Structure formats: structure tokens, C-alpha cells
Amino acid sequence: MLSNMSSLNIDLHCHSNISDGVLSPVQLLARAAERSVNVLALTDHDDTSGLTEAHAAAKHWEIQLINGVEISVSWESNTLHIVGLGINPDALPLLTGLASIRAGRKERAAKIAVQLEKAGVHDALAGAWRHAMNPELIGRMHFARYMVEQGICADVQSVFKRFMTRGKPGYVSHQWAALADAVDWIRVSGGQAVLAHPGRYPLGTGKMRALLRDFSAAGGEGIEVVTSNHTPEQRARFTELAKQFGLLASRGSDFHSPGETWRDLGRLPALPATCRPIWQNWDLN
Ligand code: AMP
Ligand code: MN
Ligand code: MN
Ligand code: MN
């Protein structure tokens with residue numbers, strides 16, 4: 001309970017240019033320091049290679065950096081994101097699991113480009129790769145930035161709306177990691193698995209409960225109650241579900257870049273007082 005009331009500004013979800021953020025890990029830590037973040041988890045999509053650089057910068061700014069990752073998962077017909085916190089990035093099952101997801105991303109990117117070409121968007125594969133700062137990691141955001149650069153859409157949100165979401169011309173369905181595998185890689189490496197931004201999944205009450213049952217049974221421990229785009233109603237709903245399923249609550253901005261999307265680092269409501277925070281047993285100071 002006490003740690004809920006703590007004055008620490010804790011942000012356990014954000015991206016660097018190792019995945020689809022725009023700031024380097026060093027720039028990201030400087031921004032976190034400017035915004036008085038005390039505890040930050042770097043959670044790049046399917047890649048942990050930013051952590052070494054991030055740790056050096058975190059030391060400089062006296063920020064407590066938590067090793068994190070955000071793993072892409074397919075559950076039934078849905079794509080979900082599972083955040084791993086306190087992971088060991090050198091653990092072999094995690095390393096090999098993430099490498100196979102990244103390989104799948106490359107294949108998906110080639111298919112996306114073919115679809116976009118049919119929709120009249122040229123040279124999208126090379127264009128997207130130019131926006132990917134990590135030769136190992138390409139995603140829809142890199143295509144979106146290329147299309148904004150080309151003047152095809154005014155901003156990345158519009159690209160997603162017109163081209164990159166299910167049913168739209170540049171959308172390619174994809175098989176990501178299995179839920180139980182992703183949770184296992186995280187746990188075996190010593191981390192805690194957290195269901196990311198639950199309010200963003202188009203799941204009704206029954207399906208959400210089925211997901212939380214599967215997630216808990218797999219060893220998942222936490223859920224993001226406070227995240228960038230949750231409404232007060234969603235925070236209340238996921239506080240209640242966390243209680244029912246015995247899950248710990250997390251707080252994360254899902255920051256990607258200045259001005260492009262969603263919330264800034266550390267600029268989020270506090271966890272509701274009745275939540276048990278995911279950091280309750282962490283050694284924070
Ligand atoms: P991917 O993992 O390649 O499928 O891309 C997923 C990423 O795309 C998310 O992590 C966000 O960064 C971004 N994204 C997804 N939907 C939207 C949206 N509607 N508007 C802006 N960015 C989005
Ligand atoms: Mn992203
Ligand atoms: Mn996500
Ligand atoms: Mn994210």
C-alpha cells in the first residue's frame with residue numbers, strides 16, 4: 001500500500017529507436033530525467049539490445065532502469081502485447097524467442113510492401129527500412145513514417161487508419177509468439193509478465209475474462225491499469241479485473257516519440273489506491 005503513495009514517478013513502458021520509438025536509448029533517458037521519472041523500464045518491441053546503452057545513461061541521470069521488453073503475441077485471432085519486466089536479456093530462451101519474432105517481422109514487412117504497392121504506395125520496403133534504426137527490427141510504424149514523409153498521409157495515426165489496420169490495404173495478418181511461450185521466456189529469465197494496454201484490444205467482457213484466465217494460468221502476474229490511452233472508466237474496470245484475477249497493477253506511458261503519439265514519459269495518473277503495484281516487492285530507493 002505504501003508504495004502506491006510513494007512519490008516515485010514510475011513509468012514501466014516506453015520505446016527507443018531500437019524498436020519503433022524515435023529517440024535513442026541515451027536521448028530517451030535524458031528526456032525521462034527532464035520529466036522527473038525516477039524508475040523507467042525500457043520495453044522495446046521484441047528486442048532488448050538498447051538496454052546496455054540505456055543503463056549507462058540511467059546511471060548518469062540517477063534513474064533506476066528496469067530491464068524490459070514488449071513481446072508480440074497471437075492469442076486466438078488477436079494480437080496482444082506482453083511486457084516483461086526485470087528480465088535477464090541474456091537468457092537463452094528469451095534471446096532465441098525474440099530473434100524468431102524479429103525474423104517473422106522481416107517476412108511480414110516484405111508482404112506489407114507488396115500489399116502497399118497494389119494500393120499505389122511505391123518503394124515502401126526500402127522506405128520503411130530507412131526509418132528503422134535497428135537492422136533487426138521493422139514494424140508498421142516504420143511504414144507509417146515513410147508514408148508521412150512521402151506526403152501520403154498527414155500523420156502516422158492517419159496511415160494506421162487508412163492503410164495499416166485489419167481490413168485495410170496494407171494490413172497483413174501475422175502469427176506472433178504463443179501467449180504461454182512469451183510468458184515462459186519472461187519468467188524463465190527471471191522477469192514478471194504484464195498484459196500491456198488491455199483497453200486497446202477489441203475484446204468483450206467474456207473474451208477479456210478468458211484472456212485473463214489463460215494469461216494467469218500461463219504465469220502472467222500483472223496488467224497495465226494505467227496506460228496512455230485508458231479512460232478513467234477503463235482504469236476502474238482493469239483495477240477490478242486485476243483484483244478478481246489476483247494480478248498486480250502496472251503503470252506505463254508507452255511513449256514512442258515527442259509529438260507523434262499518446263503520452264509523454266512519466267506523465268500519467270497514479271495507480272488507483274486499491275491496486276497492488278507490480279513494484280511492491282522491488283528493491284527501489
Ligand atoms: P507492429 O508491432 O509492427 O504491428 O506495430 C505495432 C505498433 O504500431 C504499436 O506498438 C504502435 O507503436 C503502432 N500503432 C499501432 N496502432 C496504431 C495507431 N492506431 N496509431 C498510431 N500508432 C499505432
Ligand atoms: Mn510501438
Ligand atoms: Mn503495445
Ligand atoms: Mn509499447
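The table that follows gives values for the structure above.
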{"item": "Those GluC sites (Glu not before Pro) in region 100-157 that DSSP places in a loop and that have at most 16 other beta carbons within 10 Å", "result": "Glu136"}
{"item": "GNM top mover of Glu224, Glu233, Glu260 - the chain, alpha-carbon springs below 10 Å", "result": "Glu233"}
{"item": "DSSP-defined antiparallel bridges as percent of all bridges, the chain, nearest 5", "result": "40"}
{"item": "Selection from Pro25, Gln280, His122 lying farthest towards where the dipole of the chain points positive, charges on Cβ", "result": "His122"}
{"item": "For the chain, with +1 on Lys and Arg beta carbons and -1 on Asp and Glu, the positive-most of Leu241, Pro258, Ser16 along the dipole", "result": "Leu241"}
{"item": "Selected from Val73, Val114, Val225 as most flexible by GNM, with the chain as the system and alpha-carbon contacts under 10 Å", "result": "Val114"}
{"item": "Cα-based Rg of region 99-164 normalised by 2.2 N^0.38 Å, two decimals", "result": "1.03"}
{"item": "Stretch gain in nm, segment Glu233-His174, where the contour uses 0.36 nm per residue and the Cα spacing is subtracted", "result": "18.1 nm"}
{"item": "Given charges at beta-carbon only (K, R positive; D, E negative), |dipole| of the chain in Debye", "result": "820"}
{"item": "Nitroxide proxy distance, nm - points 7 Å out along Cα→Cβ at Gln27 and Ala119", "result": "2.7"}
{"item": "Length added when fully stretched, Thr52-Ala217, from 0.36 nm per residue minus Cα-Cα", "result": "56.2 nm"}
{"item": "Label-point separation in nm, Asp155 to Leu8, each point 7 Å along Cα→Cβ", "result": "3.3"}
{"item": "Taking region 49-191 and dividing mean pair separation by its residue count, relative contact order in percent (alpha carbons under 8 Å, at least six apart)", "result": "30"}
{"item": "Helix-only [θ]222 nm of the chain, DSSP H runs n ≥ 4, -39500 (n - 2.57) each, per residue, nearest 500", "result": "-12000 deg cm²/dmol"}
{"item": "Surface share of carbon and sulfur [accessible, 1.4 angstrom probe, percent] for region 99-164", "result": "54"}
{"item": "Relative contact order (%) - region 99-164, alpha-carbon pairs under 8 angstrom, separation at least six", "result": "25"}
{"item": "Highest-MSF residue in the chain out of Ile138, Ile18, Ile112 [GNM, Cα springs under 10 Å]", "result": "Ile112"}
{"item": "Helix runs (DSSP H) in the chain reaching 27 Å along axis by Cα, Kyte-Doolittle at least 0.0", "result": "92-118"}
{"item": "Region 1-96 - percent relative contact order, Cα under 8 Å, separation 6 or more", "result": "24"}
{"item": "Where labels lie 7 Å past Cα in the beta-carbon direction, separation of Asn281 and Glu76 in nm", "result": "3.1"}
{"item": "Lysine pair count for the chain [Cα-Cα under 22 Å; pairs on different chains or 8 or more apart]", "result": "7"}
{"item": "Fully extended contour minus Cα-Cα distance, from Ala99 to Tyr201, at 0.36 nm per residue", "result": "34.2 nm"}
{"item": "Heavy-atom accessible area ranking, 1.4 Å probe, most first, across Asp11, Asp123", "result": "Asp123, Asp11"}
{"item": "Region 99-164 - accessible surface per residue (Å², probe 1.4 Å)", "result": "48"}
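The values are calculated or read from the model by the stated rules, or taken from the named source; none is laboratory data. It should be emphasised that the depicted structure is a prediction, and the values quoted were computed from it without experimental measurement. FYI the Cβ positions are ideal-geometry reconstructions off the backbone, even for glycines, and counts take in every protein chain you see. All accessible areas refer to the heavy atoms of the entire protein, side chains included, with ligands and DNA or RNA removed. Shrake-Rupley method; radii C 1.70, N 1.55, O 1.52, S 1.80 Å.
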